[in-house]
1. Helix-only estimate, please: 222 nm mean residue ellipticity of chain A, summing -39500 (n - 2.57) across DSSP H runs of length 4 or more and dividing by its residues, to the nearest 500.
2. Using only Cα atoms, what is the ratio of the radius of gyration of chain B to 2.2 N^0.38 Å?
3. How many percent of the alpha carbon pairs in the range B:198-298 exceed a separation of 16 Å?
4. By counting other Cβ atoms within 10 Å of each Cβ, how are B:233, A:174, A:325 ranked from fewest to most?
5. Extension gain residue B:683-residue B:314, at 0.36 nm per residue separation less the Cα-Cα distance, in nm?
6. Determine which aspartates and glutamates satisfy two conditions relative to residue A:724: a Cα distance under 18 Å, and not lying fewer than 8 residues away in the same chain.
7. When the convex hull of the Cα atoms of the range A:413-569 is projected onto a plane and the area is averaged over all directions, what value comes out in nm²?
8. Quick one: length gained pulling residue A:672 to residue A:708 fully straight, 0.36 nm per residue minus the C-alpha distance?
Number of protein chains: 2
Amino acid sequence: MNLSATMITRVVLMMCLFLTAFSMQPVQAQQQQQKQQATWIWYPGDYEIWLANQMQNRRTERGTFFPPFWRMDNHYVLVDFHKVFDLKQPEEVEIFTEGQYNVKIDSKMINGTPKKVTIPAGKHKLNIKIYNQAHVPALYVKGNTIVSDSSWKVTYEDKEWIDASGMVSDQSGTEWLQAGFWNFTNPQIPPSQFRLPTKPMQAAKIDRKPQSLVVDFGKETFGFVKLHGLKGTGKVSLYYGESLEEAMSPETTETLDHLDINQPQAKDLVLEGSRAFRYVNIQYEPGITIADVSMLYEYLPVAERGTFRCNDEQMNKIWDVSAYTMELTTREFFIDGIKRDRWIWSGDAYQSYLMNYYLAFDSPSVTRTLLALRGKDPVTSHINTIMDYTFYWFMGIYDYYLYTGDKTFIQQFYPRMQSLIEFSLDRRNKDGLMEGLAGDWVFIDWADGLSKQGEVSFEQLLLARSLETMALSAEIAGDQQGAARYNKLAAEMKKKLFDIYWSDEKQALVHSRVEGKQTDNVTRYSNMFAIFFDYFTEKQKQAVKQNVLLNDKVQKITTPYMRFYELEALCAMGEQDYVLKEMKDYWGGMLDLGATSFWEKYDPNEKGAEHYAMYGREFGKSLSHAWGASPIYLLGKYYLGVKPLSAGYNTYEVVPVLGGLKWMEGTVPTPNGDIKVYCSTNQIKVKADEGTGTLRFKSKSKPKVKGAKIISKGNNEYEMTIEKGKEYVVSYKS
Amino acid sequence: MNLSATMITRVVLMMCLFLTAFSMQPVQAQQQQQKQQATWIWYPGDYEIWLANQMQNRRTERGTFFPPFWRMDNHYVLVDFHKVFDLKQPEEVEIFTEGQYNVKIDSKMINGTPKKVTIPAGKHKLNIKIYNQAHVPALYVKGNTIVSDSSWKVTYEDKEWIDASGMVSDQSGTEWLQAGFWNFTNPQIPPSQFRLPTKPMQAAKIDRKPQSLVVDFGKETFGFVKLHGLKGTGKVSLYYGESLEEAMSPETTETLDHLDINQPQAKDLVLEGSRAFRYVNIQYEPGITIADVSMLYEYLPVAERGTFRCNDEQMNKIWDVSAYTMELTTREFFIDGIKRDRWIWSGDAYQSYLMNYYLAFDSPSVTRTLLALRGKDPVTSHINTIMDYTFYWFMGIYDYYLYTGDKTFIQQFYPRMQSLIEFSLDRRNKDGLMEGLAGDWVFIDWADGLSKQGEVSFEQLLLARSLETMALSAEIAGDQQGAARYNKLAAEMKKKLFDIYWSDEKQALVHSRVEGKQTDNVTRYSNMFAIFFDYFTEKQKQAVKQNVLLNDKVQKITTPYMRFYELEALCAMGEQDYVLKEMKDYWGGMLDLGATSFWEKYDPNEKGAEHYAMYGREFGKSLSHAWGASPIYLLGKYYLGVKPLSAGYNTYEVVPVLGGLKWMEGTVPTPNGDIKVYCSTNQIKVKADEGTGTLRFKSKSKPKVKGAKIISKGNNEYEMTIEKGKEYVVSYKS
């Protein structure tokens, strides 16, 4: 069996369909491209904020506009871009902008609004200043060697007092950042015109009745319904359903469209609003005829670089449906679900980041989402108004650095990290603990009767982790003083966590403290996070595993959101066998009910259409929710067993655990390549494109490998170094 | 002589011309109107920021876009408005918005996007939430009794978690402000469509030559040139001149327009960009014919309530030309000058506020300008990047409160005052002094060789005054702790000012300290401000008057900007005779040179077209500059002698000083009326519509009056109480 032959490279080919206006390429290709190809640039973070406003304000509920309830920020309207060039010969460049602009060479204004300028030979500075109130000021410059890219500097406050004689009196004190960009390489299509691409999709089945069509697209999907050969005069209503029941309930369906048609000639009509649905119930008045119905599927064109296959077909299906759920919810940004909110929720996005590292490894989707969530200073409330969601934002940066090794992002946005952490620290109570103040939402999870009173241990734990992120980021940003301070604060916070919440009697962290007293209540949340944060001693860990994780008397978790962490904690404790069964039960249970994408919540005790209800509404539940896709993460990190040990997979480990499977194989993407792993009960194969890895495994007999040295660690444990570019085949006995 | 007959009420009638789209009325009428008439409302300060961006980015220099070099802020894109109504009967209201919106009654969303809703009888809450990226979200609601006005509350962060079943889970922690408004009462014309009104004006003289027209409008003016009967194919160029020399210098004129005309049928063309000019030199190619030229004069329609007349015709002319200069520079905001920057400069605006209190008393122009200058948090640089200009902003609030008594403005914007003062305090050096840091512009004045090194006394003085403003504002905003802190800081700062800068040898404040040492240099700036801030002892004051103000060896002031304060300080010392001569020399000097509005700078030693040069450019100087209009302020405050003693003219004083005139008379506007004063060498007449005044004057013989009691203060000084609504005629001997 040859590794490269057996690896199934499940690369979705959608990329190829979208090469005209916006070519989107994996991050490593993009990084090369920066040096050669002109791209639209802007003040970093501003386009993300602008686009997130566009996107999050597209939510409707039964036809009513339903915007977010937190502050939405805005771009800088006046921005200066510059770069210094050293040219061997004069060079003419073309200038395209989104906004009104002027041009300076060596700080001297060029007359008028030139579309082309010539930079003389030698060392010269080119400045372009753009004003745009409605859209993000954006620049595209193209010459023979001069191109606009992220190497340009940008500021919103140039502090340059310049008169027409060319005198510059003061440019000190101006903070310049690297320009932001995505991959908009067509000068004719400015960033504000960006739309995700679409492709036509046919219905699987159309049920035609008098004055009604019930269309089934065969699976959960997202995009714009197209009515073919629409003709006549009268009303047309579309009721969308993630389930057939929802589509057939015009009074309670979550999304709908009402149209007034007056069209004597038959014409195709594409609906304006994007919707999530599998079914569409179209009702129309007698004066109307509709020849056919199809849709335009809207998607973010990224390759799914991660793969997973094993001997268990149900698990393969779970992986595939998880991947499709991620595909649906990975859009302009990582959103919660495609039907209802379509907002960027920090807690939901945090899980998408982690899943993304084992699927598309699309770093721009991570940074776009982080920037949109963060918005601008001043910080006046928690992210999404939720205390925990502020902390997930920091944790997202911790992981982002670990998986990608990208220091520039942290260097550029360290000031926004500082202001957010200081906002949080300022909200600690007199005992230095996080406690919900007016306007703070302490969320944790959707769970019956979950107490948010007093000081909840979960929030202190997340703050500690956030402070660790700040310490790491301060180092990267060159703020030594900050690093020391945040390290100290993190250590204090961890100490407090155990001083205040650890119960010797219960051998677990309790849920909360109310009026200065430890409560009796033990919940899973802080206990499971403390496991994979590695905050417990080995003894505490084992105690928590028995007293909390595997204890049915402790309130059960019913959301895939928190199942994500519960199962991760169990995997981190080596319970892959147990977790595999749980996955087959829980995600397998959804598949048995016909799920084509994974849900916001699943309770095996519910029956029929009960599954679709949530928030007191008959079809309130989202049936395609990012946090439902966690098997991607669990299978990649804890079964294939691949995870970075230092930033950007410079070092990493591979610890394959079959967890009851006979064999498994898969690909885990890294910044500039892949790690491929095959594991059966007697053979492990591994090959990596970059970094230095450590393969760890157990074997009942002495393992064998060509071209490497296996080190015995005692207790049937072995270890082996993986060098990049080499393929290893290890024989062992599980 | 009857008072009402002799008073010349110089009320410009332009108001009447502008009643269709935007009716602008004096502040007291506007305040009444709030209760009855629907008006467009928005998040307070946001429209001002948006409009200031529009306006300040209209600057061009010889056809090139020339934007500001400081950060321009932006509006909140998603805003929620609400008001609670208690209705006797159900009421239908119409809803107009600028932006996408939804409507809630009692926190329950109404389906769709209703243009009309009915509020039931009883107590109910109406919420309207609006999203607009390009323009400021704005609302207009009109019912029988329900109207949108400043009594509505507004927030950018509702923190309201509401689902479609109508459940509101949390609205605490949301900060609601009173809605902002101007006077846009037409629901069909949303705020983004606002333009200042225009009226047609004819040329005084047109000099027609082959392929050229030189048009003289008879005086400095502002607006849009109109070419009548324009016909043909070819280029047309317009060179604008505040002077004839400038218009006739196509290579160096500051503003110009180039047009490409292709118009077979004769048609009128109004130029797109507004320009400042008296002369326009129009050059066109042979294929073009132009029948006639006129212009549309653009203006802010406010009444000039303040008046001044005296026996000296030159002084009357100075007052009139000052008033016209103010009219030209009082636009959407108080701007510096109409030709060049057309930006909102805090130091320039500060003088406009003061002049405005003696001319139009248009409070909305003051608050619009203050809000536009302040922008949003976070503060990242001084206002206009200039340290002194930050402090003038605070001083502007001090005076605004004193003259208008408006507490709401301070209560609403106290947080923005806090963040700006804290920014400044954070920039003090280790000795607690303001010193220019990277990016700070220490301006003070345009003066040759003026040192900005080390710590300049002038900046410490302005900081002290700003801290006094903060203490006062903290009281008004109910922040007792803040009031105590700012009072303490102000006292410390004043003590430092004298400890560090007062020179016993020179009997004056020195200019600066460099490397910890008092410099030898004495300048006028801090000395003259300390006089009218009343920071000196009487002894110090007299010493400073002799050693600095009246000392020709101390560097002279050449800008009308600082002449403003120099002459104010002299007036405050009772030197009205001297100041009158100075005014006749300096402003009279400009009139003698044909000025029809007052200039940015005037040096009597210059000749001919030398007067038009500045900043190293042949026509760089602005010939219509707000800070040139200071006689309005000086004549109203120090000759008619009217000034408030407590907020909003609740108490005030009238101290007429002829300063060498034979007689003078005039009107000083107050929040809800006027104070009219006549004074000759033997008679004083005074009448006030509100407040309680004190008339103070000197008389060589015992004065007489009917209906009041004159109290002798000794030393030929007398005092009398002025009750509102009564007219007093005092006989005295000057």
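1. Result for chain A, helices only: -8500 deg cm²/dmol.
2. 1.02
3. When all Cα pairs of the range B:198-298 are counted, 50 percent exceed 16 Å.
4. Fewest-to-most Cβ neighbours within 10 Å comes out as B:233, A:174, A:325.
5. Stretched out fully, the residue B:683 to residue B:314 stretch lengthens by 130.6 nm.
6. Straight-distance partners of residue A:724: A:653, A:674, A:689, A:690.
7. 9.9
8. Residue separation times 0.36 nm, minus the Cα-Cα distance, leaves 10.6 nm.
Bear in mind these aren't lab numbers, they're just calculated from the coordinates by the rules spelled out. Bear in mind that the values here come from a model prediction, so they are computed numbers and not experimental data. Note: ideal-geometry Cβ built from the backbone for every residue, glycine included; neighbour counts use all protein chains shown.
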